[in-house]
1. Please report PHE125, PHE59 as a ranked list, fewest other C-beta atoms within 10 angstrom at the top and most at the bottom.
2. Name the longest site-free stretch of the chain, where the excluded sites are GluC sites (Glu not before Pro) in a DSSP loop with no more than 14 other beta-carbon atoms within 10 Å.
3. How large is ³J(HN,Hα), in whole Hz, for each residue of segment 97-109 in order, when computed from phi with the Karplus curve 6.51 cos²θ - 1.76 cosθ + 1.60 and θ = phi - 60°, using x for Gly and Pro?
4. Going down the table (LYS11/LYS112; LYS31/LYS97; LYS25/LYS97; LYS97/LYS118; LYS11/LYS117), which pairs top 26 Å between alpha carbons?
5. Neighbour counts of other C-beta atoms within 10 Å: give me ARG104, ARG10 arranged from fewest to most.
6. Tell me the Rg and the Dmax, in Å, that the Cα atoms of the chain produce.
7. Of the options ASN29, ILE81, ALA119, report the single residue whose Cα projects farthest towards the positive end of the charge dipole of the chain (beta-carbon charges: Lys, Arg +1; Asp, Glu -1).
8. Provide the per-residue ³J(HN,Hα) series for segment 115-125, in order, calculated from phi with Karplus coefficients 6.51, -1.76, 1.60 and θ = phi - 60°, each as a whole number of Hz, with x at glycine and proline positions.
Amino acid sequence: MERIHKIGRRKTAIARVYVTAGEGKITVNKKDMKDYFTTATLQYKVNQPLMLTENENTFDINVNVIGGGITGQAEAIRLAISRAMCEINEENRLSLKPEGLLTRDPRMVERKKYGQKKARKKYQFSKR
């Protein structure tokens, strides 16, 4: 099997994933995945597409991720790994699609407007 390259995005995080045959090692920005994502929920998010397709110990995954926060980065990696699993075997799509792992989440941070404190919060209005 050759090296498969896929990209995943979430908010402002961009993850580039390289999948090769191996024994299940996940490296994120040259660190072990458990060192990069310290909480169990973020580790679960990254492993979710591998668990659903039963490929936890089949592939080595090397990830370069930039931008955003740690949760957005984990979800960007999840999308990229899901896309890679679909390229490896088209039948994986049947297990990933119902879980919503192949859909790019389009929600972005709303911009701050002038004359306001934040995107929607306004300065206090004084009638008198």
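Derivation of every value follows stated rules applied to the coordinates shown; laboratory data play no part. Computed from a predicted structure; not experimentally measured. Quick reminder, even Gly has a Cβ in these numbers, built from the backbone with ideal geometry, and neighbours come from all protein chains shown.
1. So the residues, fewest neighbours to most, are PHE125, PHE59.
2. In the chain, the maximal stretch lacking such sites is 57-98.
3. Working through the residues one at a time gives 4, x, 7, x, 8, 9, 9, 6, 6, x, 5, 10, 5 Hz.
4. Working: LYS11/LYS112 16 Å; LYS31/LYS97 29 Å; LYS25/LYS97 24 Å; LYS97/LYS118 36 Å; LYS11/LYS117 22 Å.
Correct reply: LYS31/LYS97; LYS97/LYS118.
5. Least crowded to most crowded, the residues run ARG104, ARG10.
6. Here Rg and the maximum Cα pair distance are 18.3, 73 Å.
7. Looking along the dipole axis, the top candidate is ALA119.
8. These are the phi-based 3J(HN,Hα) values: x, 10, 6, 9, 5, 10, 5, 10, 5, 5, 8 Hz.
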